Amino acid sequence: MKKIISCFVLICVLFTGRLFAETYGQITITEIADFSASNSNNTIHGYQEYRFRVQNRDTEPHKVKLSLSPAETFNRTKPLVLSTDAVEVPAGCYVVLRMLQPPVRLDIYSSNATITVNIDGRNQRDEMSRTCNHMFNTRSYYGGTPAYSQICFTQQVPQAIRDFFTKRSTDTPDTTSATAKTPTPTTSTTSRVTHGSATPEPPQPMNCSFSNLPIEEWSESWLAYSRFDCLVITSGEWKTLSMRKQSVLNAIMQYVEIGGMIVILGKDWELPVDWKLILQNGESAENKDQREFSIVYGKVFVLGATGADVAKESSFFDSIVRKIDEAGNKQFSKLESMQPQSNRFTQNFVMMEQWHNSMPVLANYGVNIRLVLLLIVVFAVVIGPVNVFVLRALNRRIWLIWTVPATSLLASFIVLLTSFISEGILSQSSSDTITILDQRRGTAATWGKVGYYSTFTPGTPQFSPETEIMPYMEGDYGTIELKMNAAGNQVLAGSWILPRVPAYFMLRKIQSQQKLNITFNWSDPEAPTATNGLGVKIKSLFVCSSDDKLFFAENINAGEQVVLKSTDTASPSQPTPTTIEATPQTPRNMVEFARTSKTNYRQTQPVDNVDLPISMLFKNTYRAEIEGWNPFLEQGVPKMKTYKHKTQIIGIYEK
C-alpha cells in the first residue's frame with residue numbers, strides 16, 4: 001500500500017506539473033499550486049493562500065507544523081512570517097494545511113522564501129524553497145509600474161477568451177495621458193449594458209493568472225480569490241460546483257458579494273436562488289448574451305459568446321474590461337493609502353496624522369513640544385553649570401563621574417513619568433464600519449477600518465477565517481507573523497501593534513449567520529414594533545415598511561422591544577438627510593451608495609464612511625446606527641476600551 005501511494009505522488013509530480021513534493025521519512029509534503037501567472041508581475045492586493053497536502057505513511061500519528069519566511073532579510077526591514085499550528089496527522093491519512101499571506105510583502109528586497117517543516121517538535125534539516133511574488137511589486141524601490149488589474153481563468157475557459165485578455169496583459173498604457181490613469185466611473189444603473197464612447201480610454205495592462213486545478217478542487221475560502229479583481233468561469237463549471245462542491249461555490253459567491261467580479265461564459269447560466277432574492281425588485285435582462293448584475297458589493301457579467309464568436313461581443317467585452325480596470329485602480333489606490341509613501345519620517349508622520357484625523361484612537365496624538373523643550377533646558381542647566389558650580393563649591397569635582405550619569409537617569413525617569421501622567425495608561429480602540437445585513441438569506445457583508453492604541457504591548461490580535469485585514473504598516477522594525485491556529489483563525493504575532501503607536505487596519509468580512517437581526521411586527525400598521533436582536537444598543541433606527549412608510553425609534557437596548565413612530569407625526573432628534581432625494585429608490589441603488597462610499601479610495605488618505613441618506617431606504621429595509629463595536633466584526637484585540645465607534649447596519653428584512 002505504501003508503494004502504491006508513493007508511486008501515485010511521483011506520477012503527480014512528474015506528469016501534472018502542479019504539485020511539488022518533499023519527503024521527510026514517512027511524511028510527504030506536497031504543495032498544491034492553484035494558479036500560475038502569465039508574467040512576473042504577480043498579484044498586488046488581497047490574500048494569497050498557500051495549501052499543502054501532508055501525507056503520513058507511517059503506522060503512528062505525527063504532528064506537523066509549517067512556517068514560511070523570507071530566504072534572506074536586510075537591515076531596516078519588517079519581514080513577514082507565515083505559519084500553521086502543529087496539526088496531528090493520523091497514521092495512513094493526510095491533512096491539508098493552509099497559510100494565508102495578507103496584503104503585506106514577505107520582504108522588501110527579495111521574493112525568495114523558504115518553508116520550514118517541523119515534525120514532532122523537530123525542525124527538519126531540508127527546507128522547501130519557493131518564490132512568493134504576491135505584493136512584491138506593489139512599491140518597487142527600483143522603478144517600474146505593476147499591472148493594476150488581476151484576472152484569473154478556470155481550466156475550461158476557451159482559448160479565444162484567454163487570448164483576448166492575455167493580449168491585454170502585454171499592452172502598454174499611455175502614461176502621458178491623464179485619462180489613461182483614471183478610468184471613467186460607471187454610472188449605468190440598468191442590468192443591460194450600454195456601449196460606445198466618443199473618446200475611449202487607453203486600457204491598463206492586466207496580470208492574467210490561470211488555474212492549474214479543476215474548479216471543484218479550488219479553495220473553500222473566499223480569501224483565496226481576494227487577490228483577483230475578476231474570475232472568468234464557464235456556466236458548465238458553475239453547474240459542476242452546484243452539484244459536486246457547494247462549499248467552493250459558496251466561497252466564489254461570497255467573493256462576489258464582498259466586492260469581487262466574475263465573468264460567466266454561457267447564455268444558459270441561471271441566477272442562483274439567493275441572488276434572485278437580491279435582484280427581485282426590478283432587476284432583469286432581456287438579452288441573455290449580454291447581462292450584468294450588481295450583487296451586493298460585487299458584479300456578475302454573463303457573456304453568451306464562448307469561443308471564436310467572441311468578436312461579435314467586442315463592445316460588451318470592452319465594457320467588462322474597463323470595469324475590471326476601474327476595480328484594479330481602486331484596489332491599488334486603497335493599497336497606496338495603507339502603506340507609507342517612502343522611508344522618510346516626515347511623510348510617514350503626515351500620513352499617520354491623516355489616519356488619526358480620519359479615525360482617532362486617542363485624544364491627542366503627538367508630543368508636547370513645549371514640555372519637552374522645557375525639560376531639555378532644565379536638564380542642560382542642571383547637568384552643566386549647576387552641577388559644576390556645586391561640586392566646585394564642595395571641592396568634589398571628581399564626583400562628575402557619577403553625578404552626570406545619575407542626573408541623566410533621573411531626567412529620563414522624569415520624562416517617562418511626565419508622559420504617563422499627561423497621557424495615562426491607555427488601551428483603547430476605534431472603528432468605522434458599515435454592514436449590509438440580508439436577514440432573508442442570513443448573510444452579513446462588512447467593510448470598515450479599525451484602530452488600536454495601547455501604552456504597553458497589547459494582547460495578540462486575532463481575526464476570524466472570513467476576515468480580510470489590510471494593515472497600515474508604519475515603521476520598518478520588528479518581525480510580524482500571521483499564524484493559522486487550529487480553529488482556522490488568523491493570529492497576528494510580533495510587531496503588528498507597537499506600544500504607544502496607533503495601529504490601523506482596513507477590514508472586509510462576509511459571513512453566514514442567522515442569530516443577529518432585528519425583528520418587526522406589523523400586525524398594527526400604524527404602530528409596528530421592533531425587537532433589537534443585534535446584541536448591542538441601537539442609537540437610531542429608521543425603517544421603511546412594505547407600503548413605503550417611514551418609521552423610526554431611538555435608544556433601543558439589546559433585547560428590548562419598542563413601538564416605532566412614524567416620521568410623518570414625529571421628528572427624530574437626528575434630521576433626515578435630503579441630499580439625494582432625486583435618486584430612484586431601489587435596493588440596488590441603496591447598496592450601490594454604500595458600496596461607493598466604501599470603495600472611493602484616495603491614494604494618500606484613508607476613506608471615511610458616508611452616512612446612508614434615509615431617502616435611499618426602500619421597502620422592507622432599515623438603517624440602524626449602533627452604539628459600540630460592530631456586532632458582525634470581531635474586536636481583534638480583546639478587552640480594549642471603546643474610544644470612538646461609528647457603525648451603520650443596512651438591513652433587508654422579510655416581508
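Worth pointing out:
- Considering residues of segment 398-427 that are open to solvent by 50 Å² or more (accessible area, probe 1.4 Å) and of a type in the set (Ser, Thr, Tyr) only, the residue modelled with the highest pLDDT: Ser412
For every residue, the table says whether it meets (1) acidic (Asp, Glu); (2) within 22 Å of Ser430 (Cβ to Cβ); (3) at pLDDT 90 or above.
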{"residue": "Gln462", "(1), (2), (3)": "no, yes, yes"}
{"residue": "Tyr472", "(1), (2), (3)": "no, yes, no"}
{"residue": "Tyr477", "(1), (2), (3)": "no, no, no"}
{"residue": "Lys483", "(1), (2), (3)": "no, no, yes"}
{"residue": "Ala486", "(1), (2), (3)": "no, no, no"}
{"residue": "Ser495", "(1), (2), (3)": "no, yes, no"}
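- Residue count for segment 527-552, restricted to those that are on the phi > 0 side of the Ramachandran plot and of a type in the set (Ser, Thr, Tyr): 0
- Residue check for Ser422: more than 23 Å from the chain's Cα centre (by Cα) and in contact (Cβ under 8 Å) with a residue 24 or more places away in the chain: yes
- Per-region count, segment 631-649, residues hydroxyl-bearing (Ser, Thr, Tyr) and open to solvent by 20 Å² or more (accessible area, probe 1.4 Å): 2
- Sole residue being at positive phi and loosely packed, with under 13 Cβ neighbours inside 10 Å, chosen from Asn395, Asn357: Asn395
- Filtered residues of segment 82-115 (kept if farther than 17 Å from Asn489 by Cβ, among the β-branched types (Val, Ile, Thr) and surrounded by 16 or more Cβ atoms within 10 Å (Cβ to Cβ)): Val89, Val104, Ile108, Ile115
- Scanning segment 537-552 for residues that are assigned to a strand (DSSP E or B) and open to solvent by 30 Å² or more (accessible area, probe 1.4 Å) gives Lys537, Lys539, Leu550.
- Taking each residue of segment 53-72 that is open to solvent by less than 60 Å² (accessible area, probe 1.4 Å) and looking for partners that are in a loop (DSSP other than H, G, I, E, B) and β-branched (Val, Ile, Thr) with beta-carbon atoms closer than 9 Å, six or more apart or interchain, yields Ser69/Thr479; Pro70/Thr77.
- Looking across segment 430-467, the residues that are touching a Ser or Thr at 6+ places or on another chain (Cβ under 6 Å) and within 30 Å of Val543 (Cα to Cα) come down to Thr433, Thr435, Gly442, Thr443, Ala444, Thr446, Gly448, Val450.
- Only one of the numbered conditions (1) within 31 Å of the chain's Cα centre (by Cα); (2) at pLDDT 50 or above is violated by Pro587, and that is (2).
- Look at (1) modelled with pLDDT of 90 or more; (2) surrounded by fewer than 15 Cβ atoms within 10 Å (Cβ to Cβ); (3) closer than 13 Å to Ile295 by Cβ and you find that Lys276 fails only one, number (1).
- Those strands (runs of 3 or more DSSP E) of segment 441-536 in which 2 or more residues are within 30 Å of Asp568 (Cα to Cα) and open to solvent by less than 20 Å² (accessible area, probe 1.4 Å) occupy 529-533.
- Selection of first residues in segment 376-387 that are closer than 12 Å to Ala406 by Cα and of second residues that are open to solvent by 50 Å² or more (accessible area, probe 1.4 Å), restricted to Cβ pairs under 8 Å at least 6 apart or on distinct chains, gives the following pairs, ordered by first then second residue: Ile383/Val404; Asn387/Leu400; Asn387/Val404.
- Checked against the criterion of being at positive phi, touching a residue at least 24 places away in the same chain (Cβ under 8 Å) and among the basic types (Lys, Arg), segment 438-445 contains not a single residue that satisfies it.
- Odd one out for Thr460, checked against (1) under 18 Å from Ile649 (Cα atoms); (2) in contact with a strand residue (DSSP E or B) (Cβ under 9 Å, 6 or more places away or on another chain); (3) among the polar types (S, T, N, Q): (1)
- Close Cβ contacts (under 7 Å, 6 or more residues apart or on different chains) running from residues in segment 25-37 that are closer than 19 Å to Glu216 by Cβ to residues that are open to solvent by 20 Å² or more (accessible area, probe 1.4 Å) and part of a loop (DSSP other than H, G, I, E, B) comprise Ala33/Arg18; Ala33/Asn212; Asp34/Asn212; Phe35/Asn212; Ser36/Asn212.
The values are calculated or read from the model by the stated rules, or taken from the named source; none is laboratory data. All figures in this text were calculated on a predicted structure; none of them were measured in a lab. FYI the Cβ positions are ideal-geometry reconstructions off the backbone, even for glycines, and counts take in every protein chain you see. Just so you know, the surface numbers come from the protein's heavy atoms only, side chains and all, with ligands and any DNA or RNA stripped out. Shrake-Rupley method; radii C 1.70, N 1.55, O 1.52, S 1.80 Å.
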